[in-house]
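Written out below as structure tokens is the structure these notes cover.
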Amino acid sequence: MFKKLPESGAAALTLYIDGLAVAAEGGETVAAVLLRQPTPASRSTPVHASPRAPFCMMGVCFDCLAIVDGVASTQCCLVTVREGMRVERQFGRRSVLP
């Protein structure tokens with residue numbers, strides 16, 4: 001659905017979404033990278049398991065929550081990509097127990 005416009009001078013990075021290597025450029029947010037994936041959903045709702053994808057891209061709506069480098073419920077529209085970053089989609093209800 002979305003396509004990244006080329007930007008001169010941006011460093012090419014690799015991050016991992018659900019264990020799969022994904023290309024990104026320095027300065028992008030994790031949410032922007034997720035929106036370019038075949039399945040852009042970053043999470044599902046706890047009650048009905050409805051898929052949610054990044055929406056507002058400014059930290060207001062909380063639809064972009066994902067697990068970023070082991071930290072659950074991270075607003076990935078506010079996180080800039082880094083080399084080797086690990087992102088996991090967050091499905092269903094979170095557990096409060098380890």
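For the reader, a short list of remarks on this structure follows.
- Contacts under 6 angstrom Cβ, first residue in segment 1-19 being touching a residue at least 12 places away in the same chain (Cβ under 8 Å) and more than 25 Å from Arg89 (Cα to Cα), partner among the acidic types (Asp, Glu) and surrounded by 10 or more Cβ atoms within 10 Å (Cβ to Cβ), 6 or more apart: Ala10/Glu25
- Sole exception among (1) modelled with pLDDT of 95 or more; (2) hydroxyl-bearing (Ser, Thr, Tyr); (3) surrounded by 14 or more Cβ atoms within 10 Å (Cβ to Cβ) for Ser42, by number: (1)
- Against the criterion of being surrounded by fewer than 19 Cβ atoms within 10 Å (Cβ to Cβ), modelled with pLDDT under 95 and under 12 Å from the mean Cα position of the chain (by Cα), Ala53 qualifies.
- Within segment 85-98, being outside any strand (DSSP E or B), in contact with a strand residue (DSSP E or B) (Cβ under 7 Å, 6 or more places away or on another chain) and either surrounded by fewer than 11 Cβ atoms within 10 Å (Cβ to Cβ) or at pLDDT 95 or above (or both) holds for one residue alone: Met85.
- Selection within segment 42-60 - more than 13 Å from Val79 (Cβ to Cβ), in a loop (DSSP other than H, G, I, E, B) and touching a Ser or Thr at 6+ places or on another chain (Cβ under 9 Å): Ser50, Ala53
- Candidate set: segment 1-39, residues that are on the phi > 0 side of the Ramachandran plot and modelled with pLDDT of 95 or more; chosen: the one surrounded by the most Cβ atoms within 10 Å (Cβ to Cβ): Asp18
- Number of the exception - Leu13 against (1) within 12 Å of the chain's Cα centre (by Cα); (2) assigned to a strand (DSSP E or B): (1)
- Looking only at residues in segment 56-84 that are surrounded by 16 or more Cβ atoms within 10 Å (Cβ to Cβ), touching a Lys or Arg at 6+ places or on another chain (Cβ under 7 Å) and among the hydrophobic types (A, V, I, L, M, F, W, C), the one that is farthest from Leu13 (Cα to Cα) is Leu65.
The values are calculated or read from the model by the stated rules, or taken from the named source; none is laboratory data. These figures come from a predicted structure and were not determined experimentally. So basically every Cβ, Gly included, is an ideal-geometry build from the backbone, and we count neighbours across all protein chains shown.
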